[in-house]
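The structure appears right after this line, and notes come after that.
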Amino acid sequence: MKNILQNSIIRKILYALLGFVILILLLDNLIMPWIVSSPETTVPQVVGLQVSEAVNTLEADGFEALISDTSYGLQVPVGAIFFQKPDAGAVVKEGRTVYLFVSGGVSTITVPQLKGKSILDAKFALERLGLKLGRVERIPSSHPEDMIFDQQYAEGTLLKQGEFVGVTISVGRGGGSIIVPDLIGKSLTEARKILADSSLIIGKINYQPSATLLPNTILDQYPSSGNSLNSGNAVDLFVTKPSDRNIPDEENN
């Protein structure tokens, strides 16, 4: 027996068994009776309250409040609790943690530029952002047929997710025989040459900042590619912005 106890592995096993037995005795005689006998209380209703008010209410009743998540796109005021766990009215042990879920409010979306696009392109552009195509009004105009030349909300307007954006589309003026080339991704110099080769000219240049594209890169155009124009008509361009100190004046060339 003495030789067995001198073996380090055997000693470790015996110590582990002894520790396990002591842990069982503690659980059975001290810890579990304390848990079972600890007082219970009812979880208060905090849904609809602002975060600070909800936390104060829970802590005043002996609970621990924990912000679990923040969700957006809800018809619930920003900062209000829209869900709690455990639910209000649940009977739990005092000191229990109550998990709170906070509303981030309704997310807003920036209206994109729709002028110069077709109805199909506009519909896809809006749906990608979480908006919807609204009323489509068709009006005779000097603009190319089936091209959007006006929109209900200007580019950059902030709308709630799921809102509708109406557009006005041209029923055409007839006579256009030149197909507008695709200029997106081209440089301003390349765009000028391509348009000249098609007997078209550059119209208004709208400069926009970009952190990823080189200066003077075409971001968008109006009218979009595929529309029909007459010789000498202009195509407006949306171009990445060069340095603020050196923006050339290239409108209505």
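Read-outs throughout are calculated quantities, based only on the coordinates presented, and are distinct from any laboratory measurement. Because the structure is a prediction, the values reported are computed rather than measured. All Cβ positions, even for glycine, are placed from backbone atoms using ideal geometry, and neighbour counts span all protein chains on display.
The table for this structure:
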item: Computed lengthening from S231 to F101, 0.36 nm per intervening residue step minus Cα-Cα distance; result: 40.7 nm
item: Segment 107-174, Rg to Rh (Cα coordinates; Rh as Kirkwood inverse mean 1/r); result: 0.99
item: Separation of the E155 and T41 label points, Cα + 7 Å toward Cβ, nm; result: 5.8
item: Approximate spin-label separation L18-E59, in nm, with each point projected 7 Å along Cα-to-Cβ; result: 4.6
item: Order by protection proxy (mean Cβ within 10 Å, highest first), peptides 135-144, 213-222; result: 213-222, 135-144
item: Extended-chain gain in nm, criterion 0.36 nm per residue less alpha-carbon gap, D121 and T212; result: 30.4 nm
item: Simple spin-label estimate for Q75 and L129 in nanometres, 7 Å along Cα-Cβ; result: 2.4
item: Net lengthening on full extension, S8/I139 (0.36 nm per residue, minus Cα-Cα); result: 37.7 nm
item: Compactness index (Cα Rg / 2.2 N^0.38 Å), segment 55-167; result: 1.71
